[in-house]
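Participant: Quick one: structure below, then a few questions.
Nothing in this text is a laboratory measurement; each read-out follows from the coordinates by a stated rule. These numbers were taken from a predicted model, which means no experiment stands behind them. Here the Cβ positions follow ideal geometry from the backbone for every residue, glycine too, while neighbour counts run over all protein chains shown.
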Amino acid sequence: MNDKLKERLNQILDRITSPKLLDNKVLGGEIGFYVFDYPPEAELEVRRHLEFVVAKARMVKPELRIATVNLFTLLINYLRGRNLLDKALKIQREKGDAEMLRVLKAPLHEEKIAKIFVEQARPDEQDLVIVSGVGNVWPLLRSHALLNNLQKFMGQTPLVIFYPGQYDGQSLRLFNIAKDDNYYRAFRLVE
């Protein structure tokens, strides 16, 4: 892990427990969505650090209500609950990725997934929602589309998404190569 990433990771705890973030004080009415972007090759280190940060945040501020949502787990559970997981895997084996993506397009539409996300995260009962697993669900789910659909549900609850790629304040670049549509409503969690 490089020193710059280590320095950025070490800023997460203070940032997510700060009243400015939790109360949306500095956003001037903007939606409290934040992106922590990182080099994709650091996925395992970031994942471990995120577990540490969430546990530490709960120790430092026991009253802080934090929901964590792993998008991969969310999608697997959703597909399993609808009896689609085994069917999708069979289609993938027999007909390939493109056909599986076509078949899952409607069940995994971002509006539907946003509603499932909200059922799990319950943002109206939380002080903060943290999202991980973005890289694991691509190309089944695009993060910019999910974020756009979550805006109407999050209310005043800030959301932090951990993103394996680059966010320049205007667009997301998953794995530093796959460019998503522009998404300019989020703020970088730390520089």
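Participant: What relative contact order, as a whole-number percentage, does the range 98-190 give when Cα pairs under 8 Å and 6 or more residues apart are counted?
Facilitator: Details: 107 pairs, mean separation 23.6, N = 93.
It comes to 25 percent, rounded to a whole number.
Participant: Could you tell me whether the range 91-190 comes out rounded, prolate or oblate from its Cα gyration tensor? Rule is a ≥ b ≥ c as square roots of the eigenvalues, rounded for a/c under 1.5, then prolate if a/b exceeds b/c, otherwise oblate.
Facilitator: oblate
Participant: Ok, one more. Roughly how many debye, to the nearest 20, is the charge dipole of the range 95-188 about its Cα centre, given +1 on each Lys and Arg Cβ, -1 on each Asp and Glu Cβ, and no other charges?
Facilitator: 240
Participant: Positive end of the charge dipole of the chain (Lys, Arg +1 and Asp, Glu -1 on Cβ, about the Cα centre): tell me which of Gln120, Gly133, Leu89 has its Cα farthest that way.
Facilitator: Farthest towards the positive end: Leu89.
Participant: Anything over 21 Å Cα to Cα? Flag those among Lys115/Lys152; Lys61/Lys115; Lys20/Lys61, in the order listed.
Facilitator: Lys61/Lys115, as the Cα separations exceed 21 Å there.
Participant: If you don't mind, another one. Which stretch or stretches of the range 86-113 have amide N atoms under 12 Å from the point lying 7 Å from Arg80's Cα along the Cα→Cβ direction?
Facilitator: 86
Participant: When DSSP beta bridges are limited to those with both residues in the range 78-191, what percentage is antiparallel, rounded to the nearest 5?
Facilitator: 65
Participant: To the nearest 20 debye, what charge dipole does the range 26-68 have about its Cα centre, counting +1 at the Cβ of each Lys and Arg and -1 at the Cβ of each Asp and Glu?
Facilitator: Working: 6 positive and 7 negative charges, 69 e Å.
With Lys and Arg at +1 and Asp and Glu at -1, about 340 debye.
Participant: With runs of 4+ DSSP H residues as the only contributors, calculate the mean residue ellipticity of the chain at 222 nm using -39,500 (n - 2.57) per run, divided by the residue total and rounded to the nearest 500.
Facilitator: That comes out to -13500 deg cm²/dmol.
Participant: Which of the trypsin sites (Lys or Arg not before Pro) across the range 89-175 are loop residues per DSSP, with 15 or fewer other Cβ within 10 Å?
Facilitator: For trypsin sites (Lys or Arg not before Pro) across the range 89-175 that sit outside H, G, I, E and B with at most 15 neighbouring Cβ atoms in 10 Å, the list reads Lys105.
Participant: Give the value in nm², to one decimal: projected area of the alpha carbon convex hull of the chain, averaged over all directions.
Facilitator: 10.9
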